[in-house]
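Comments concern the structure below.
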Amino acid sequence: MMRFLLLFSRQGKLRLQKWFLPMTEREKKKIIRDMTTMVLARKPRTCNFLHWRDLKIVYKRYASLYFCCGLEDQDNELLALEVLHRYVELLDKYFGSVCELDIIFNFEKAYFILDEFLMGGEIQETSKQSIAKSIEASDMLQETMEEYMSKPAF
Amino acid sequence: MPAVSKGDGMRGLAVFISDIRNCKSKEAEIKRINKELANIRSKFKGDKALDGYSKKKYVCKLLFIFLLGHDIDFGHMEAVNLLSSNKYTEKQIGYLFISVLVNSNSELIRLINNAIKNDLSSRNPTFMCLALHCIANVGSREMAEAFAGEIPRILVAGDTMDSVKQSAALCLLRLYKTSPDLVLMGEWTSRVVHLLNDQHMGVVTAAISLITCLSQKNPDEFKTCVSLAVSRLSRIVSSASTDLQDYTYYFVPAPWLSCKLLRLLQCYPPPEDGAVKGRLVECLETILNKAQEPPKSKKVQHSNAKNAILFEAIALIIHYDSEPNLLVRACNQLGQFLQHRETNLRYLALESMCTLASSEFSHEAVKTHIETVINALKTERDVSVRQRAADLLYAMCDRSNAKQIVAEMLSYLETADYSIREEMVLKVAILAEKYAVDYSWYVDTILNLIRIAGDYVSEEVWYRVIQIVINRDDVQGYAAKTVFEALQAPACHENMVKVGGYILGEFGNLIAGDPRSSPLVQFNLLHSKFHLCSVPTRALLLSAYIKFINLFPETKTTIQEVLRCDSQIRNSDVELQQRAVEYLKLSSIASTDVLATVLEEMPPFPERESSILAKLKKKKGPGAVSNELEEGKREGGELNGAGERPGDSSSTPSPSADLLGLRSAAPVSAAPPSAGSLLVDVFSEAGPAAPAASVNDDGFLRFVCKNNGVLFENQLLQIGIKSEYRQNLGRMYLFYGNKTSVQFVSFTTTLNVQLKPVDPLVEGGAQVQQVINIECITDFSEAPILNIKFRYGGALQNLSLKLPVTINKFFQPTEMASNDFFQRWKQLSQPQQEAQKIFKANHAMDTEVIKAKLLGLGTALLDKVDPNPENFVCAGVIQTKSQQVGCLLRLEPNAQAQMYRLTLRSSKDTVSKRLCDLLAEQF
């Protein structure tokens, strides 16, 4: 299973953090620090995988953002790269050519989209269409619900 | 401001985020945040009830502040309130806040659980999914208690929507991982297995993670999943690339599900059913074949997804380890990847080959790639790839290629990245030891290691080379010659000085015949390094010097001069000063016989797992160094192989802690190792408390005449003792050392006397200390028994030891003249006041040694009392709380008969008897 997923900028600013196992704030901060320093120090065109403690680290850079996740020993690194890619595709589809600012200003949406895709560090749904559909449905739901609620009562 | 703001924009939130982004400094940011926090706090505390929208907005701001890295200590209650809102977005933000911020605050958890319960029973799939996500995100035990029964029902109910099933499966998995005891197997389990057949690919993908985890824990209960998984896999593998619609990823059909199916199959041995097995082998062959087909897309996503399946298939082939044909094909495929232009694939190929190297079918095939791997080590631009290459070289090493591999690793070390040097050093040291045919090669290799990467050579490594040299007499002369040569270098690493000092101190005599390495030349060479070294190394060199005095009496005056000079004997470091003073004294007062005994060559070290290996395992984390590999590839002729040197374990000083042996005890009282076996294994696997009969007292008897040393040692545990006594009081320090790399848990010690508890965990390689205060109330003959229990791995270890607290520890020496002595001797003339024993000598009848022991006993040794100068006479008073017991002792050796007569007289018959019994075992 995936243990954590971090999104950070080239300057090391954290944009999203998802922890799939409970951890103390201290541990989290330590991991964030280690990941940003390790990954940002990597030269371009090196491989996307690292070992860190007993975890496999898989990261990939998309424009100004780094997507970085920690995997357990038996997880598949190449597939994890595609998990990151699929997440980028999902964000892209929702925001329409997503950029870092979209994730900053709509961080809650970024979390909701991730929740449709992964749960407890495992893949819940891989179909782009299904995920897009359920995100759309919840956006719709909120609109109709609000309309419904704002209707004057009898 | 972003162009897109779907759903409900929260304007206030967007403004706040912009403000933060516009802050020019950290201080400005903190100021802005504090202002916002104050604002929110006042809103939450205000009299006016907040509407749902405002509450949502403020909770969202708090979340943002938290994610920036600031602490948030309020707002939890408002978030919980949002959960019961009937507006979807408010509910959603409430759940998000709780998922990110709530740990297990019990008061809130109850409220949260209530909201979750409502949503789970709402039959609204969107709400149910939100609730399930919240459970999976928090995953606390309280939640498991509340919902572990409900979720399986949702998962297998006929009318549950697919999306809810997916969430329920993964939510249950999360609960099962943290609280397996709360997730009870039942009727649902068989229905879960059949989710593998579900029409909806998303449901299968989610459910298979749960099934894999459950199968690992309960393989029998879930074994029907094997044939289901094989047929599902076969359908995917043989499907055309468009059959699976949106589950096809860049022309690869269902890569995630395929990998998960292959992973599930790795929980089981190869299928027994011939048809199932045939179908599976067919699948694996198809996957291997596809790797050779031209790609359907140039996109990296296509090749990644395709290769992900290929690597997972290879992992399954390696796991089965029974199809030589497939194993060789897998190996060839990885061989191709070793030269692939994609760095990622080279990295993964090196990594997979490591596991392949441990299979007997493919070990040889892996070895054919040695040149490529060595080349990778030399030329890869990426350090993490080079590291995998080093790992693979280590894994593929065997007797046939050890010299080549070790040589390549050594030459790589000269330029290796600092981050991996230490690990490389450990690996070279292990390989050199494991595959050494002649030990001169081993010694050369380690000395090279110190030369090339001295800073990274940990003490385990140089301890080990010394242990091996001491245990192998065929290599001692060579080792002495080689270190002597290595020390000639004008600048040599301090570790080299340590090894050199130790080895020349023990075996310098073996090369002293050559005038170029005469004793004085050796000494001068060592001493030329002395002033550049740190305190511990200098201390070691001082010990080497005193050993020189014993080995080469002609160096005595030179060395004594060195010891006598102010920089030694008045050194500000207490350890150095003490050594200088004691060694100087020892060399001037002790006879050559005593010197020879005290400074005897170190006895062989007992066989045990190389501490280097343990260190490597620890460094790489559990599972990183395959134990199987270590065991599986062991060949005969290992260094120190058990049985190679009979009697290795029968006489031994403390093998760990201080390699130098001299440090723990002052030289005068350092008794030669007793011939009795120290290593008695009293551990019984998970047995009940060891009865008194099996109490280990071999160690006990060695402590009658000394206070410090190793009381007990076996494969797992070493117990050291330091003790001091004054009058009727004593204090004993017990040191429990964990010799393994695994933690001991539930470590408890009990004494039939009161005892302060000791830390229940003893980490691998660590030592914990326990102090016991002792007061002697009255005289006694039974020693306190220490009972030690702990868990190592799963097995309960149980051990009873006699603590070496004996009546003589409370002796106060009494000096007296001849007249006094005989007068008192006569006063104690009642028959029961005397105890006498005549016994055979167990050790050489060396006067100095006997004297040392009698002093160690705690009595005063009286000179010129007995008319016969061969006899020994002692006097002392035993201090107990209730009374004082005067004791007189007379020991008469008979060298011709190799016998002793021991007589004790004291005012108390039990004391005479006990002392006599104790002492009779000492000579």
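The values are calculated or read from the model by the stated rules, or taken from the named source; none is laboratory data. This one's a predicted model, so the numbers in the text were calculated from it and none came from an experiment. With ideal geometry, Cβ positions are generated from the backbone for all residues, glycine too; neighbour counts draw on all protein chains shown.
A few notes on this one:
- Any chance B:ILE30 is touching a Leu at 6+ places or on another chain (Cβ under 9 Å) and either part of a helix (DSSP H, G or I) or within 22 Å of B:THR89 (Cα to Cα) (or both): no
- Among the candidates B:PRO804, B:PRO784, the residue that is touching a residue at least 12 places away in the same chain (Cβ under 8 Å) and either surrounded by 22 or more Cβ atoms within 10 Å (Cβ to Cβ) or of a type in the set (Lys, Arg) (or both) is uniquely B:PRO804.
- Residue within the stretch A:30-52 that is more than 11 Å from chain B (Cβ to nearest Cβ) and closer than 30 Å to A:LYS133 by Cα present: no
- Any hit, the stretch B:503-514, residues being free of Cβ contacts under 8 Å to residues at least 60 places away in the same chain and surrounded by fewer than 16 Cβ atoms within 10 Å (Cβ to Cβ): yes
- For the stretch B:834-850, residues that are modelled with pLDDT under 85 and outside any loop (DSSP other than H, G, I, E, B) total 3.
- Taking the stretch A:103-124 as the range and being at the interface with chain B (Cβ under 7 Å from one of its Cβ atoms) and among the β-branched types (Val, Ile, Thr) as the test, the residues that pass are A:ILE104, A:ILE123.
- Contacts under 8 angstrom Cβ, first residue in the stretch A:129-148 being at the interface with another protein chain (Cβ under 7 Å from one of its Cβ atoms), partner modelled with pLDDT under 75 and surrounded by 13 or more Cβ atoms within 10 Å (Cβ to Cβ), 6 or more apart: A:ASP139/B:LYS6; A:ASP139/B:GLY7; A:GLN142/B:GLY7; A:GLN142/B:ASP8; A:GLU146/B:ASP8
- Residue in the stretch A:50-73 that is over 17 Å from the mean Cα position of the chain (by Cα) and among the polar types (S, T, N, Q) present: no
- Residues in the stretch B:175-202 that are within 22 Å of A:PRO22 (Cα to Cα) and within 11 Å of chain A (Cβ to nearest Cβ): B:LEU175, B:TYR176, B:LYS177, B:THR178.
- The number of residues in the stretch B:48-82 that are part of a helix (DSSP H, G or I), away from chain A (no Cβ under 14 Å) and not acidic (Asp, Glu) comes to 6.
- Any hit, the stretch A:93-102, residues being part of a helix (DSSP H, G or I) and more than 9 Å from chain B (Cβ to nearest Cβ): yes
- Residue within the stretch B:36-47 that is in contact with a helix residue (DSSP H, G or I) (Cβ under 9 Å, 6 or more places away or on another chain), in a helix (DSSP H, G or I), more than 9 Å from chain A (Cβ to nearest Cβ) and within 30 Å of B:LYS165 (Cβ to Cβ) present: no
- Number of the exception - A:THR24 against (1) in contact (Cβ under 8 Å) with a residue 24 or more places away in the chain; (2) among the β-branched types (Val, Ile, Thr); (3) exposed (fewer than 15 other Cβ atoms within 10 Å of the Cβ): (1)
- Screening B:PHE811 with (1) outside the structural domain of B:GLN884 (by the TED database); (2) surrounded by 19 or more Cβ atoms within 10 Å (Cβ to Cβ) gives one miss only, at (1).
- A single member of B:SER419, B:SER384, B:SER411 is assigned to a helix (DSSP H, G or I) and touching a strand residue (DSSP E or B) at 6+ places or on another chain (Cβ under 8 Å), and it is B:SER384.
- Only one of the listed residues (A:ARG26, A:ARG61) is in a helix (DSSP H, G or I), of a type in the set (Lys, Arg) and more than 7 Å from chain B (Cβ to nearest Cβ). That residue is A:ARG26.
- Condition check for B:SER231: of a type in the set (S, T, N, Q), part of a loop (DSSP other than H, G, I, E, B) and over 41 Å from the mean Cα position of the chain (by Cα): no
- Those residues of the stretch B:324-360 which are hydroxyl-bearing (Ser, Thr, Tyr) and touching a Lys or Arg at 6+ places or on another chain (Cβ under 6 Å), in sequence order: B:TYR347
- B:LEU426 part of a helix (DSSP H, G or I), surrounded by 23 or more Cβ atoms within 10 Å (Cβ to Cβ) and touching a residue at least 60 places away in the same chain (Cβ under 8 Å): yes
- Flag if B:ASN86 is under 21 Å from A:ALA137 (Cβ atoms), within 10 Å of chain A (Cβ to nearest Cβ) and surrounded by fewer than 20 Cβ atoms within 10 Å (Cβ to Cβ): yes
- For the stretch B:341-378, a tally of residues being of a type in the set (Ser, Thr, Tyr) and either more than 14 Å from chain A (Cβ to nearest Cβ) or in contact with a Leu (Cβ under 7 Å, 6 or more places away or on another chain) (or both) returns 6.
- Test for B:VAL281: is it touching a residue at least 40 places away in the same chain (Cβ under 8 Å), assigned to a helix (DSSP H, G or I) and surrounded by fewer than 20 Cβ atoms within 10 Å (Cβ to Cβ): yes
- Put simply, of B:THR212, B:THR205 the only residue that is among the hydroxyl-bearing types (Ser, Thr, Tyr), within 14 Å of another protein chain (Cβ to nearest Cβ), touching a Cys at 6+ places or on another chain (Cβ under 9 Å) and part of a helix (DSSP H, G or I) is B:THR212.
- Subset tally (residues that are under 21 Å from B:ASP162 (Cα atoms), in contact with a helix residue (DSSP H, G or I) (Cβ under 6 Å, 6 or more places away or on another chain) and surrounded by fewer than 23 Cβ atoms within 10 Å (Cβ to Cβ)) for the stretch B:174-191: 2
- Complete set of residues in the stretch B:309-328 that are charged (D, E, K, R) and within 22 Å of B:ALA376 (Cβ to Cβ): none
- Residues being modelled with pLDDT under 90, touching a Ser or Thr at 6+ places or on another chain (Cβ under 7 Å) and within 11 Å of another protein chain (Cβ to nearest Cβ) - total across the stretch B:104-136: 3
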